[in-house]
Amino acid sequence: MIASAQRMQVLTPHFFSTLGPRIAALNAAGADVIRLDEGSPDLPPARFIVDALAEAAARPEAHSYQPHRGSHELRAAWADMYRRLYGVELDPGSEVIPLLGSKEGIFHLLQALINPGDLALVPDPGYITYRRGVEFSGGEVFFFPLLPELGYLPDLAVIPPEIARRARLMFLNYPNNPTSGVASLEFFTQAIDFAREYDVLLCHDAAYAQVTFGGYQAPSILQTPGAKEVAVEFNTLSKSHNMAGWRVGAALGQAEALKALFTLKTNADSGHFYPILHAATVAMTGDQTWLVERNEVYRQRMQFITSALNKLGLKAAIPRGSLYVWSPIPSGWSANVFVAAALEQAHVSLTPGTLFGQRGEGYIRISITAPLERIEEAMERIGKFVA
Ligand SMILES: Cc1ncc(COP(=O)(O)O)c(C=O)c1O
């Protein structure tokens, strides 16, 4: 018998890894399951990006290992994008580390920085990798609440000072998964002040920074003066450029934290495939107007879902960013039971709010990553199911 290492005890298979086989079984039995669970963009990246990938793959020299730090062009493209979008200056040599997706970077940064017993501040509800990464490192998690009445921003003043003093690191994520809350630059300034006061590394996950609607533009935490001394921002092309399967992200900002992450990564992975480095560079330096059109498609989907929910008496706000509608469920259900029943009876796959923490009870997360016709069909099925 092969026994897992003790540290594995804090890990269970990820929700989406077990959901896939269940949906495949339902479909094999004749169901037509509509997936509004995972936040995996259904639309492709712009054609010129795919062309750049194919063209680079045809080069005979494309197939060897690449530098662990990726190409200078890719890091410079990330720095240029931050200058263009946020007016932030980053040194591509020390303040940008390419990642195999931001999930990998988040998990590995925690392995590089957290000692057993160290405390990390994690939002509830929040993206599950923060918690899993801390616990896998032997660290302790202090959950701070994200409440609807505060627009899903934390009230930093209610984090007990003795907890804040013990904390090594804090996660924030705006536009937020799962609640779709957004943060202002003013809030980020307060968060940076908090990080300075308590000597906490602030990790801001900006996965949805360019998935925004109705003219809203999400700020970067690195826009806050002095942020680079205390903050790392995680960015990714997964959602911003419809490139989730490509696994291209970056950690940006605090150079010492990035150095530790980089050292760990040189031992754990060997970087990207050259055509991906090249085409990801092209994605960030080429035409960006298609993102505006893409966001308009998302906005229409969002609008449809929120109004369909409102007709069912479920009050969900229209998000200004992210790929998700965070909706209350009818009373009398738990989130897990509601989601399981919607899958088995209505053949619509949703994510239970509890996947994101205790404060997700009473909520479901509905992803907008399906064509409008499929979303319309899904909402009709949910309507009948709820009735
Ligand atoms: C908040 C948040 N952060 C990070 C990620 C990971 O994205 P990736 O690893 O594809 O860059 C996701 C993916 O859903 C997410 O929702």
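When 16, 304, 194 are compared by accessible surface with a 1.4 Å probe, the order from highest to lowest is 304, 16, 194. Within the shell of other residues whose beta carbon sits under 13 angstrom from the beta carbon of residue 152, the net charge comes to 0, with Lys and Arg scored +1 and Asp and Glu -1. For the chain, evaluate the Debye formula with one uniform point scatterer on each Cα (no solvent term) and list log10 I(q)/I(0) at q = 0.08, 0.10, 0.11 Å⁻¹, rounded to two decimals. Relative scattering, expressed as log10 I(q)/I(0), comes to -0.41, -0.66, -0.81.
A simple count of charges around residue 92, restricted to other residues whose Cβ falls under 10 Å of its Cβ and scoring Lys, Arg +1 and Asp, Glu -1, yields -2. Working from label points 7 Å from Cα in the Cα-to-Cβ sense, the residue 376 to residue 199 distance is 6.0 nm. For segment 237-286, the C-alpha radius of gyration sits at 1.26 times the compact-globule guess of 2.2 N^0.38 Å, with N the residue count. Between residue 184 and residue 312, the modelled labels are 3.3 nm apart [label points 7 Å from Cα along Cα→Cβ]. Were the residues from residue 158 through residue 4 laid out at 0.36 nm apart, the gain over their Cα-Cα distance would be 51.6 nm. Within the shell of other residues whose beta carbon sits under 9 angstrom from the beta carbon of residue 279, the net charge comes to -2, with Lys and Arg scored +1 and Asp and Glu -1.
May I ask you to list the residues of segment 91-131 whose amide nitrogen lies under 11 Å from a point 7 Å from Cα along the Cα→beta-carbon direction of residue 263? Inside the label zone: 112-113. Taking a straight Cα-Cα cut-off under 16 Å and skipping sequence neighbours fewer than 8 places away in the same chain, the lysines within cross-link reach of residue 228 are 259. Projected onto planes of every orientation and averaged, the convex hull of the alpha-carbon atoms in segment 69-208 covers 8.5 nm².
Kindly provide the trypsin sites (Lys or Arg not before Pro) of segment 278-350 that DSSP labels as loop, not H, G, I, E or B, and whose Cβ sees at most 12 other Cβ atoms within 10 Å. The qualifying sites are 315.
Surface composition of segment 206-256: carbon plus sulfur atoms hold 46% of the accessible area, using a 1.4 angstrom probe and ignoring ligands, DNA and RNA. Ignoring ligands, DNA and RNA, please state the percent of accessible area on segment 260-364 from carbon and sulfur, probe 1.4 Å. Reported share for carbon and sulfur atoms: 56 percent. In a reduced charge model with +1 at each Lys and Arg Cβ and -1 at each Asp and Glu Cβ, the chain shows a dipole moment near 460 debye about its Cα centre.
Hey, what number do you get for the chain at 222 nm if only DSSP H runs of n ≥ 4 count, each worth -39500 (n - 2.57), divided across all residues, to the nearest 500?
Values: 14 runs with 160 residues, N = 387.
My calculation for the chain gives -12500 deg cm²/dmol from helical runs alone.
Take each uninterrupted DSSP H stretch in the chain, measure its Cα extent along the helix axis, and return the ones at 18 Å or beyond whose mean Kyte-Doolittle hydropathy is at least -0.5. Please list the in-between numbers first.
On the way: long enough: 15-28 (20 Å, 0.83); 72-86 (21 Å, -0.82); 185-198 (20 Å, -0.01); 255-268 (19 Å, 0.37); 289-311 (34 Å, -0.69); 372-386 (21 Å, -0.25).
Those that pass (Cα extent of 18 Å or more, hydropathy at least -0.5) are 15-28, 185-198, 255-268, 372-386.
For the chain, the per residue solvent-accessible surface stands at 42 Å², with DNA, RNA and ligands left out and a 1.4 Å probe. Highest GNM mean-square fluctuation among 134, 122, 50, for the chain modelled with Cα contacts below 10 Å: 50.
In whole percent, how big is the carbon plus sulfur part of the accessible area of segment 1-141, probe 1.4 Å, protein atoms only?
Values: 3840 of 6890 Å².
The nonpolar share, carbon plus sulfur, comes to 56 percent.
Excluding same-chain neighbours fewer than eight residues apart, the aspartates and glutamates reachable from residue 384 by a Cα-Cα span under 20 Å are 32, 37, 344, 373, 376.
The values are calculated or read from the model by the stated rules, or taken from the named source; none is laboratory data. Keep in mind it's a predicted model, so treat the numbers as computed, not measured. Cβ sites come from the backbone with ideal geometry, for glycine too, and all protein chains shown count toward neighbours. SASA here: full protein model, heavy atoms, side chains in, ligands and nucleic acids out. Shrake-Rupley method; radii C 1.70, N 1.55, O 1.52, S 1.80 Å.
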